[in-house]
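This report refers to the structure that appears directly beneath it.
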Amino acid sequence: MKKTIAFMGAFLLTTSLSLAAQDVVHAVEGTVKKIDAGTKVVVVKSEDGTEHTFHYAKDVTVHGAKDTEKGATDALGGIKEGSKVAVHYTVVGGKETTHEIDNIGDDGLKASEGTVTHVDRGAKTIAVKTADGTEETFHMTDRAAKDTGKGIAEGADKSAKVTVYYTEKAGTKTAHFVKQVF
């Protein structure tokens with residue numbers, strides 16, 4: 001009986017850990033190679049040459065879409081083959097699924113480059129000093145805060161060179177994707 005209970009406990013712990021691991025959000029930056037609206041698939045070639053096939057849901061959010069009227073009828077908000085994007089995704093059952101895509105090309109989100117001076121993960125903010133000495137503070141989306149936590153190592157917070165892709169509304173800058181520059 002004790003062995004059965006111990007086995008069940010270990011099984012439940014392993015199962016819950018594996019399910020939790022599937023909910024981890026990842027981000028890939030790359031160029032859109034193919035979009036198939038019929039199967040709701042977008043193929044992105046990352047900077048290292050790896051091609052990722054992402055399945056997207058009808059509730060996919062696209063940040064940086066310039067043509068909002070088109071975005072209302074086009075599930076990917078005007079993103080097309082050749083667009084530079086950052087795809088935030090989870091892996092469930094071996095399938096990469098996205099609910100959020102950032103258009104980070106010239107026709108997408110604004111970009112600011114500089115050196116990180118402060119990261120407040122609790123308040124979800126990041127401060128960046130640009131080349132001209134200006135310090136900009138960005139509020140981070142939940143996904144950007146999670147990705148930034150993985151992308152910028154502890155201790156390197158205050159020296160990392162980054163590009164922040166953001167939107168600006170009513171004077172508030174919101175970072176959707178933070179990329180460390182090497």
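The values are calculated or read from the model by the stated rules, or taken from the named source; none is laboratory data. None of the values given here were measured: they were computed from a predicted structure. As a convention, Cβ positions derive from the backbone with ideal geometry for all residues, glycine included, and neighbour counts pool all protein chains shown.
Here are the numbers:
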item: Residues being in a loop (DSSP other than H, G, I, E, B), surrounded by 18 or more Cβ atoms within 10 Å (Cβ to Cβ) and at pLDDT 80 or above - total across the stretch 49-78; result: 3
item: When residues of the stretch 97-107 are limited to those that are outside any loop (DSSP other than H, G, I, E, B) and acidic (Asp, Glu), the one surrounded by the fewest Cβ atoms within 10 Å (Cβ to Cβ); result: Glu100
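Listed here are the residues, each with its yes/no results for (1) buried (at least 17 other Cβ atoms within 10 Å of the Cβ); (2) touching a residue at least 12 places away in the same chain (Cβ under 8 Å); (3) within 16 Å of Thr174 (Cα to Cα); (4) among the acidic types (Asp, Glu).
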| site | (1), (2), (3), (4) |
| --- | --- |
| Ile35 | yes, yes, no, no |
| Lys80 | no, yes, no, no |
| Ser83 | yes, yes, no, no |
| Leu109 | yes, yes, yes, no |
| Asp120 | no, no, yes, yes |
| Ile126 | yes, yes, yes, no |
| Ala131 | no, yes, no, no |
